[in-house]
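Since the structure comes first, as structure tokens, the remarks are kept for the end.
Here, each number is a calculation from the coordinates, and none is a lab measurement. As the structure is a computational prediction, the values presented were derived from the model and not from experiment. Here the Cβ positions follow ideal geometry from the backbone for every residue, glycine too, while neighbour counts run over all protein chains shown.
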């Protein structure tokens with residue numbers, strides 16, 4: 001296993017521990033996972049499906065058709081959607097879990113729409129996203145260059161064969177942007193946990209009540 005996957009596994013386990021402390025598992029709790037992965041690119045993908053003790057209480061929402069996902073997790077209800085309005089009624093779920101998805105939904109307008117949909121369909125939420133100001137960009141393993149203007153960073157990514165990470169692939173957030181999104185979504189009761197690595201904030205965990 002690569003060092004990057006080891007770090008990712010350590011960090012996801014840490015976030016999972018936070019989740020269990022905040023939301024102890026019960027057999028009658030309905031949970032929405034926004035952002036499942038159909039092909040799994042690392043052993044850390046679909047973390048909640050792997051470890052939640054009541055998979056039959058999980059509903060997974062994602063952009064891909066859930067072919068491989070359904071075979072791996074037959075007890076989980078999987079739903080494909082277009083990436084905008086969640087196909088659920090208001091407050092249908094007790095908890096919404098979304099790990100490292102917010103940075104991929106689009107610009108700040110789409111990120112706000114995402115937060116509002118999470119708020120609409122669930123009573124409480126657990127959302128994580130990488131820190132824009134961590135020294136290494138976690139998706140491309142690029143040190144420091146993601147602090148450049150987007151066009152220069154994307155020119156570098158294209159040059160080194162990582163064009164897949166350009167365009168709308170990611171819009172990273174710092175703490176100010178996160179707090180602004182929560183305020184704009186009229187979320188009053190929330191807390192933000194900073195997950196640190198070597199003294200730097202690697203990513204954020206947002207826990208809020210809708």
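Tabulated data for the structure shown
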{"read-out": "For the stretch 100-128 and the stretch 1-62, distance of Cα centres in Å", "value": "17"}
{"read-out": "Within a Gaussian network of the chain (alpha carbon springs, distance under 10 Å), most fluctuating of 62, 161, 35", "value": "161"}
{"read-out": "Relative contact order computed over the stretch 1-141 (Cα-Cα under 8 Å; 6+ residues apart), in percent", "value": "21"}
{"read-out": "Residue order, fewest to most beta carbons within 10 Å, for 85, 76", "value": "85, 76"}
{"read-out": "Potential lengthening between residue 13 and residue 165 on full extension [0.36 nm per residue; Cα-Cα distance subtracted]", "value": "52.2 nm"}
{"read-out": "Selected from 167, 113, 199 as most flexible by GNM, with the chain as the system and alpha-carbon contacts under 10 Å", "value": "199"}
{"read-out": "Prolate/oblate/rounded call for the stretch 38-104, Cα gyration tensor, a/c under 1.5 rounded", "value": "rounded"}
{"read-out": "GNM result for the chain, Cα springs below 10 Å: residue of 148, 181, 112 fluctuating most strongly", "value": "148"}
{"read-out": "Listed values (i) 11.5; (ii) 13.9; (iii) 22.8, entry calculated as mean projected area of the Cα convex hull in nm²", "value": "(i)"}
{"read-out": "Contour excess over end-to-end distance, with Cα ends at residue 30 and residue 192 and 0.36 nm allotted per residue", "value": "56.0 nm"}
{"read-out": "Modelled FRET efficiency - R0 45 Å, residue 67 with residue 184, Cβ distances, 0.05 increments", "value": "0.80"}
